[in-house]
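A short worksheet on the structure shown next.
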Amino acid sequence: MADVNTDLRLDGRTAWVTGAGKGLGRAVAVALSQAGADVAVTARTAADLESLEAELAGHGGKVLVLPASVADSDAVRTTVARITETTGRLDAVVNCAGISPHFTRSEYVTDEDFGRVLDINLRGTFHCCREAGKVMLEQGSGSIVNVSSVHASTGFERIAAYAASKGGVEALTKALAVEWADRGVRVNSLAPGYFRTDLSSGLLDSRWGERIVRGTPLGRVGSVEELGGAAVFLASDASRFVTGTTVTVDGGWTAW
């Protein structure tokens, strides 16, 4: 019989977290490191990763800092090559990199603004899945976790580009899960609700914040540490029979 405690451990494995400099990505990197993984971390801002490196090093595993933009396919390819050259393998990827820079009525969203969100949130996720997938398919094993959002499936005002990108992430996840399942690679998505991060603070501290909390049965927004357990579960053998699904971590949030 499988031991759940052992299955949740990631000792001897290499995990890669994108968007790891701040917020949810940073919390996920910490959780994977605490579970025993060697962790490679990517973000656009090197200074954020340097402070994270010191925190992760305290858990005893290897830490690889790789500043890059997921929107740059060449940079992603180089990043994956550096990970495998350094550690010899790649067992789990959590794609947290994403932006939501506009809270704007849809009729005022420009082509450039819409395109930039999709370039990072959707195209960037595909870049990472593709390059990590090549390694995992060669290994015959691996787990990819794509961070989506409750707004992939539930409407909300003024976030058309973000919602479209995250809906695309979930569709991409299902397609890859079916395509790669017979070669040992699992692909799932993780859909957070409202957590307090640099990305969400402006919204949560505005008049919208009260509505968001009112629509959350647990009566509060999440703290970033509360996402880590779900990420570890999907990255680990504890979820060995889970693929093509979306795990929602949202305090029961629903459209009001």
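We did not get these values from a lab; they are worked out from the coordinates using the rules stated. Being a predicted model, the structure only gives us computed values, none of them experimental. We place every Cβ from the backbone using ideal geometry, glycine too, and count neighbours over all the protein chains shown.
Tabulated values for the structure
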{"item": "Compactness relative to 2.2 N^0.38 Å, alpha carbon Rg of region 103-256", "result": "1.10"}
{"item": "Inter-probe distance in nm under a simple model that places probes 7 Å from Cα toward Cβ, at residue 85 and residue 201", "result": "3.7 nm"}
{"item": "Computed log₁₀ I(q)/I(0) - Debye formula, equal Cα scatterers, no solvent, region 120-207, q 0.10, 0.11, 0.23 Å⁻¹", "result": "-0.30, -0.36, -1.09"}
{"item": "Kirkwood Rh (inverse of mean 1/r, distinct Cα pairs), region 42-175, angstrom", "result": "16.0 Å"}
{"item": "Dipole magnitude (debye, nearest 20) for region 4-248, charges at Cβ of Lys, Arg, Asp, Glu", "result": "400 debye"}
{"item": "Residue of 15, 68, 57 that the Gaussian network model of the chain assigns the largest fluctuation, springs spanning Cα pairs under 10 Å", "result": "57"}
{"item": "Potential lengthening between residue 130 and residue 213 on full extension [0.36 nm per residue; Cα-Cα distance subtracted]", "result": "26.2 nm"}
{"item": "log10 of Debye I(q)/I(0), alpha-carbon scatterers only, for region 4-248 at 0.11, 0.12, 0.15 Å⁻¹", "result": "-0.53, -0.63, -1.01"}
{"item": "Whichever lysines have a C-alpha closer than 25 Å to that of residue 22, once near sequence neighbours (fewer than 8 apart) are set aside", "result": "62, 166"}
